[in-house]
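The structure appears right after this line, and notes come after that.
The values are calculated or read from the model by the stated rules, or taken from the named source; none is laboratory data. Source: prediction; values computed, not measured. Cβ placement follows ideal geometry from the backbone for every residue including glycine, while neighbour counts extend to all protein chains displayed. What goes into the accessible areas is simple: the full protein's heavy atoms, side chains included, and nothing from ligands, DNA or RNA. Shrake-Rupley method; radii C 1.70, N 1.55, O 1.52, S 1.80 Å.
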Amino acid sequence: EIGSGTGQHAVFFAAALPHLVWQTSDCAHYLPGIRAWMDDAALPNLPPTRVLDVTGGWPDERFDAVFSANTAHIMSEAQVEAMFEGIGRVLVDGGCFALYGPFNIGGRYTSESNAHFDSMLRSRDPAMGIRDLDLLIRMARDNGMELIADHPMPVNNRTLVWQRIP
């Protein structure tokens, strides 16, 4: 998982999917919160969390799948591109990358609430913002992945799933 934040998602998914090893990662300042959630849950499929800055320091190992939730809109476009590049390097052939969050489609907001959310994000940091699906598809393609699923989710969010092309 890229951008594990508080660790809450990791604990939920690791408990619900005990057959998977759920590897958390985030920038260093989030690790204490992630560790607190993980220590409280004490799940055997949650190894120690890792520091990961998407712009560098990717692990040498390969992963069957990568998940990230609510990250692309709080990263700069360059960071999102770096995330796709890193995932392209660590994802095994045939492996999947699932990205959850709000996305624009065809350069347009999918709801008025997403337009307001984007405006709020950009007022906090002009580099933040809801990313367009076409941009993400291009970034994925440039890094050996193709979009295989687009799942509408509650509150005008989506889960996008890419697969690493062998």
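Which whole-number percent gives the relative contact order of the range 26-149, counting Cα pairs below 8 Å spaced six or more residues apart? List each step's numbers first, then the result.
Values: 142 pairs, mean separation 30.6, N = 124.
In percent, rounded to a whole number, it is 25.
The shape of the chain can be summarised by an equivalent ellipsoid whose semi-axes, obtained from the alpha carbon gyration tensor, come to 25, 19, 15 Å from longest to shortest.
Normalised by the number of residues in the range 1-97, what is the relative contact order in percent for Cα pairs under 8 Å and 6+ residues apart? Before the final figure, lay out each step's value.
Values: 145 pairs, mean separation 27.7, N = 97.
Once divided by the residue count of the range 1-97, the mean separation gives 29 percent.
For the pair CYS27 and SER113, the difference between a 0.36 nm per residue extended length and the Cα-Cα distance amounts to 28.1 nm.
On average, how much accessible surface per residue is there in the range 31-166, in Å², for a 1.4 Å probe, leaving out ligands, DNA and RNA?
52
In µm²/s, what is D for the range 88-136 at 37 °C and 0.692 mPa s, where D = kT/(6 pi eta Rh) by Stokes-Einstein and Rh is the Kirkwood radius from Cα pairs? Show your work: numbers first, answer last.
On the way: Rh = 12.4 Å.
Once the numbers are plugged in, D ends up at 265 µm²/s.
Taking the accessible area of the range 3-48, probe 1.4 Å, and keeping the other protein chains in place, the carbon and sulfur fraction comes to 66%.
Each peptide among 99-112, 54-67, 78-91 gets the average number of other Cβ atoms lying within 10 Å of its residues, and from highest to lowest they stand as 78-91, 99-112, 54-67.
Estimated from helices alone, the mean residue ellipticity of the chain at 222 nm is -10500 deg cm²/dmol (sum of -39500 (n - 2.57) over DSSP H runs with n ≥ 4, per residue). In this calculation the C-beta distance from ARG89 to THR6 is compared with R0 = 25 Å, giving a FRET efficiency of 0.40.
Tell me the Kirkwood radius of the range 26-119: reciprocal of the mean inverse pair distance over distinct alpha-carbon atoms, in Å.
Values: mean 1/r = 0.0650 Å⁻¹.
For the range 26-119, the Kirkwood estimate is 15.4 Å.
Each residue of the range 135-142 in order: what ³J(HN,Hα) in whole Hz does its phi give by Karplus 6.51 cos²θ - 1.76 cosθ + 1.60, θ = phi - 60°, with x for Gly and Pro? Going residue by residue, I get 5, 5, 4, 5, 4, 5, 4, 4 Hz, with x marking Gly and Pro. Using a simple spin-label model with pseudo-atoms 7 Å out from Cα toward Cβ, LEU147 and LEU43 lie 2.9 nm apart.
Before anything else, pin down the relative contact order of the range 1-57: Cα pairs under 8 Å, at least 6 apart, normalised by residue count, whole percent. Can you show the working numbers first?
Values: 93 pairs, mean separation 23.3, N = 57.
Here the relative contact order equals 41 percent.
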